[in-house]
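The values are calculated or read from the model by the stated rules, or taken from the named source; none is laboratory data. For clarity, every value in this text was computed on a predicted model and none was experimentally measured. No Cβ is skipped: glycine too gets one built from the backbone with ideal geometry, and neighbour counts run over all protein chains shown.
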Amino acid sequence: MQFEVPQFIEVEDKIFGPLTLKQFIYLAGGVGISFTLYSLLPFFIAVLLIIPVMLLSVALAFYKKDDRPFILTAESAFKYLLGNKLYIWRKEEEKGEKKEASNQNTSQQLIIPKLSKSKLKELSWSLDIQNEIQ
């Protein structure tokens, strides 16, 4: 028995002429928002707001960064801006200590601080940090 294996499954179907459904929705949404701004606001203010709206809708429809759609890049940017960040402070060494530290093994770059002597608390802290990073 032979089965046909689907080919080109990553390519979206063109529904509206040369546009896919997503591209059409992004452009139609941009045109709709622009028309609403044009009809509700004075001409000069409307034009100032329509230009960024149309640029965003065209970027969402056509622009790709590293073969990824712009919507995924924008989503990642918002998650980074609004998400939790972990900052680990490392004390800068004095000049004399720098020479001694450079002589030691440099493969150990990141030092994770010890919170307490309890292994359970340390394990809990490391799991919390891993959850915040992801």
* Asked: If you check Ser76 against the conditions, is it within 25 Å of Glu10 (Cα to Cα), in contact with a Gly (Cβ under 6 Å, 6 or more places away or on another chain) and in the same structural domain as Thr20 (by TED's automatic domain parsing)?
  -> no
* **Lys14 vs. criteria basic (Lys, Arg) and free of Cβ contacts under 8 Å to residues at least 12 places away in the same chain** => yes
* Asked: Limited to the range 50-68, what total is found for residues that are at negative phi and free of Cβ contacts under 8 Å to residues at least 24 places away in the same chain?
  -> 10
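Which residues, taken from the range 17-41, are closer than 18 Å to Lys64 by Cβ and either in a loop (DSSP other than H, G, I, E, B) or hydrophobic (A, V, I, L, M, F, W, C) (or both)?
Selection gives Pro18, Leu19, Leu21, Phe24, Ile25, Leu27.
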* **Residue within the range 14-37 that is among the charged types (D, E, K, R) and surrounded by fewer than 14 Cβ atoms within 10 Å (Cβ to Cβ) present** => yes
